[in-house]
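Shown next, in structure tokens, is the structure this report addresses.
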Amino acid sequence: MEDGYEIFDELKWRGLVNDVTSPDLEEEINNDELTFYIGTDPTADSLHIGHYSSLLMAKRLEQHGHHPIMLVGGATGFIGDPKATGERSMLTPEVLDHNFHALHAQISRLWGFPMVNNLDWTKDLSIIDFLRDYGKHFNVNYMINKETVKKRLDTGISYTEFSYMILQSLDFLHLFEEYNCRLQIGGQDQWGNITSGLELIRKKKDPTPKSSV
């Protein structure tokens, strides 16, 4: 890091920090080298403007000595992050595969971040192992109080989309175990999923990593 330069202050000045889960994060962003990740699902074959601020934040962190991982959700793309307005249409494996490779090419060319696919560590997970090893750590009352899920309770939400939170939490746990990834960044709408990932790691591992959006 550059002497006298506080990257966290710049991120706040640019409006890129909305919430953090640890008061220690600012010092670690300024003075340490953290492995962190940013994720997106291959629901389309191109990045859009909604990705831009998170990707810029990731690039600035990389330029100041941190280590980004770009996750493209080949598994979570099959499920779909719950929307406040209703159920998502299910994409076919062929469409998801096409979108994944298109995003992979775009991200590699424009941003140069190393990439992972969460299908690699979930495709062989049995439903019994999923429920016993991960679902057991999630309290339903906790899950339904997440903002997006809460908005869907009146109109209804499928178990499939309700389970998305657990799958994304599993991503953070896997990256923490495999890469010592201790930070996740994302849009404000991802706050519930991010904190759920931290909670899963807290229950399965120690110490708990940091997080911000």
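The values are calculated or read from the model by the stated rules, or taken from the named source; none is laboratory data. None of the values given here were measured: they were computed from a predicted structure. Cβ placement follows ideal geometry from the backbone for every residue including glycine, while neighbour counts extend to all protein chains displayed. What goes into the accessible areas is simple: the full protein's heavy atoms, side chains included, and nothing from ligands, DNA or RNA. Shrake-Rupley method; radii C 1.70, N 1.55, O 1.52, S 1.80 Å.
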In the stretch 181-192, which residues are of a type outside the set (A, V, I, L, M, F, W, C), at pLDDT 80 or above and either open to solvent by 70 Å² or more (accessible area, probe 1.4 Å) or touching a Leu at 6+ places or on another chain (Cβ under 9 Å) (or both)?
ARG182, GLN184
Single residue of the stretch 115-141 satisfying the filter (assigned to a helix (DSSP H, G or I) and touching a residue at least 40 places away in the same chain (Cβ under 8 Å)) that is farthest from ILE38 (Cα to Cα):
HIS137
Considering the stretch 68-93, residues that are touching a residue at least 60 places away in the same chain (Cβ under 8 Å) and in contact with a strand residue (DSSP E or B) (Cβ under 9 Å, 6 or more places away or on another chain), and then whichever is farthest from GLU6 (Cα to Cα), we arrive at ALA75
Yes or no: the stretch 64-73 includes at least one residue that is crowded, with 16+ Cβ neighbours inside 10 Å and more than 19 Å from the chain's Cα centre (by Cα).
yes
Residues satisfying the stated conditions in the stretch 144-155, i.e. touching a residue at least 24 places away in the same chain (Cβ under 8 Å), in contact with a helix residue (DSSP H, G or I) (Cβ under 9 Å, 6 or more places away or on another chain) and either outside any helix (DSSP H, G or I) or buried (at least 17 other Cβ atoms within 10 Å of the Cβ) (or both)
LYS146, THR148, VAL149, ARG152
Any chance the stretch 166-174 includes a residue that's free of Cβ contacts under 8 Å to residues at least 60 places away in the same chain and assigned to a loop (DSSP other than H, G, I, E, B)?
no
Take the stretch 175-189 and flag every residue that is under 20 Å from GLY50 (Cβ atoms) and either of a type in the set (A, V, I, L, M) or in a loop (DSSP other than H, G, I, E, B) (or both).
ILE185, GLY186, GLY187
Suppose the filter is without any contact (Cβ under 8 Å) to a residue 24 or more places away in the chain and out of contact with any Cys (no Cβ under 8 Å at 6 or more places or on another chain); does PRO42 pass it?
no
Which numbered condition ASP97 fails, given (1) out of contact with any strand residue (DSSP E or B) (no Cβ under 8 Å at 6 or more places or on another chain); (2) surrounded by 14 or more Cβ atoms within 10 Å (Cβ to Cβ); (3) over 30 Å from ARG152 (Cβ atoms); (4) of a type outside the set (A, V, I, L, M, F, W, C):
(3)
